1. Can you run down the residue pairs with Cβ atoms below 6 Å, 6 or more apart or on separate chains, where the first is in region 25-46 and at pLDDT below 95 and the partner is in a loop (DSSP other than H, G, I, E, B)?
2. Go through (1) within 13 Å of the chain's Cα centre (by Cα); (2) in a loop (DSSP other than H, G, I, E, B); (3) without any contact (Cβ under 8 Å) to a residue 12 or more places away in the chain and name the single condition A63 misses.
3. Can you pull out the strands (runs of 3 or more DSSP E) entirely within region 70-115 that have at least 1 residues that are touching a residue at least 24 places away in the same chain (Cβ under 8 Å), among the hydroxyl-bearing types (S, T, Y) and more than 12 Å from M34 (Cα to Cα)?
Amino acid sequence: QVQLVESGGGLVQPGGSLRLSCAASPRIFSMYYMAWYRQTPGRQREFLAGVSTGGTTNYSDSAKGRFTMSRDNTKNTVYLQMNNLKPEDTAVYYCKATYATNTYWGQGTQVTVSS
């Protein structure tokens, strides 16, 4: 019954900020590589950022400079801090956990950037 639960999405004006959260089970969180993706209709799901169990982060060009991923091991939660949001950031944001042959996806949280 492994489950990833995203939260924190919503409507924000251009230039604003949001922080997304993804909570996982303790066992999964301690072992899996955690990542954030986003997807809009008609486009492939896009990798944004990932963090290893050791805390090493990796960012796509889309996320670099404006987005920051972090993990809180006491809460079994990863975050995506998004600053200076733009209309093109509008998408459903997904949390992903990967370990060996196992992959889990959250249900996603909607982010809409609009005036």
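1. S25/V2; P26/N76; I28/V2; F29/N76
2. A63 satisfies all of (1) within 13 Å of the chain's Cα centre (by Cα); (2) in a loop (DSSP other than H, G, I, E, B); (3) without any contact (Cβ under 8 Å) to a residue 12 or more places away in the chain except (3).
3. By residue number, 91-99, 109-113.
Rundown of residues vs (1) among the aliphatic types (A, V, I, L, M); (2) farther than 16 Å from E6 by Cα; (3) open to solvent by 20 Å² or more (accessible area, probe 1.4 Å), yes/no style:
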| position | (1), (2), (3) |
| --- | --- |
| I28 | yes, no, no |
| R43 | no, yes, yes |
| S52 | no, yes, yes |
| T57 | no, yes, yes |
| K75 | no, no, yes |
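The values are calculated or read from the model by the stated rules, or taken from the named source; none is laboratory data. Since we're looking at a predicted model, the values are computed, not measured. Note that each Cβ is placed from the backbone with ideal geometry, even for glycine, and that neighbours are counted across all protein chains shown. Protein only, heavy atoms only, side chains kept; ligands, DNA and RNA dropped before computing areas. Shrake-Rupley method; radii C 1.70, N 1.55, O 1.52, S 1.80 Å.
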